[in-house]
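This report refers to the structure that appears directly beneath it.
The values are calculated or read from the model by the stated rules, or taken from the named source; none is laboratory data. Since the model is a prediction, treat every value here as computed from it, not as a measurement. Virtual Cβ from ideal backbone geometry, glycine too; neighbours counted across all protein chains shown. Accessible surface areas use protein heavy atoms only, side chains included; no ligands, DNA or RNA. Shrake-Rupley method; radii C 1.70, N 1.55, O 1.52, S 1.80 Å.
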Amino acid sequence: TSFDGTFNQSQLLSSALTNLLTSLHDPYSYYVSKTDYQKIIRQDNGQNFGLGLVYRPDNGLITIIDVYPNSPAEKAGLKAGQQIVSINSRLVSQFASPVEITNFFQDNNTFTLNLNDNQQISVSKSEYISPIFLYRKITNQTAYLKISRFTGNFTQELSTITRNLNTDKPRKLV
């Protein structure tokens, strides 16, 4: 192919940011455009419709980072640390970008996930309530904290977060 003298500035910026963040080899950093972010996030007082899992693309696999309590993913038996090899018979390595994976999850409702330990799990999107915050100790020195919304109970939730942090004393917080 040859360059025809035109380029899409938005596509160029998106590709540059994706490659820059990928080169950091940080499992929690990846670029999502404003438009794609708005597609990903749908939150109304904690009411969500989806699978209820946090994931990251990882060398041709999808690593599950966290699973929301009482979500379809948890009810199906998915757990943090598991790795997805294929989704609905499509190898994860065949997706062009993290955004394409996200769009695939957005555009479909039922999934057959093949895991790297040869398990096959079927899961369908449904309504669930996401927690105000998620806290997980990842290693002895690192903890994961996600605050998903601020509510009237946030002061109480914050004291729980503080207790966890004081108990675990992580040196790094993701």
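Structure notes:
- T160 hydroxyl-bearing (S, T, Y), outside any strand (DSSP E or B) and within 28 Å of S14 (Cβ to Cβ): no
Let's see how each residue does on (1) touching a Lys or Arg at 6+ places or on another chain (Cβ under 6 Å); (2) crowded, with 17+ Cβ neighbours inside 10 Å; (3) under 13 Å from I101 (Cα atoms):
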{"site": "Y55", "(1), (2), (3)": "no, yes, yes"}
{"site": "L61", "(1), (2), (3)": "no, yes, yes"}
{"site": "Y68", "(1), (2), (3)": "no, yes, no"}
{"site": "G77", "(1), (2), (3)": "no, no, no"}
{"site": "I84", "(1), (2), (3)": "no, yes, yes"}
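- For region 159-174, residues that are open to solvent by less than 80 Å² (accessible area, probe 1.4 Å) and either at positive phi or modelled with pLDDT under 80 (or both) total 1.
- Flag if I121 is touching a Phe, Trp or Tyr at 6+ places or on another chain (Cβ under 8 Å) and either crowded, with 16+ Cβ neighbours inside 10 Å or under 20 Å from Y68 (Cα atoms) (or both): no
- Considering Y68, Y144, Y135, the condition of being more than 12 Å from L51 (Cα to Cα), of a type in the set (F, W, Y) and touching a residue at least 40 places away in the same chain (Cβ under 8 Å) is satisfied by Y144 alone.
- Selection status of K137, within 20 Å of K79 (Cβ to Cβ), at pLDDT 75 or above and open to solvent by 90 Å² or more (accessible area, probe 1.4 Å): yes
- Matching residues, region 91-118, being within 14 Å of I64 (Cα to Cα), assigned to a loop (DSSP other than H, G, I, E, B) and not acidic (D, E): N116
- Within region 1-84, helices (runs of 4 or more DSSP H) holding 3 or more residues that are at pLDDT below 80, of a type in the set (D, E, K, R) and out of contact with any Asp or Glu (no Cβ under 6 Å at 6 or more places or on another chain): 34-40
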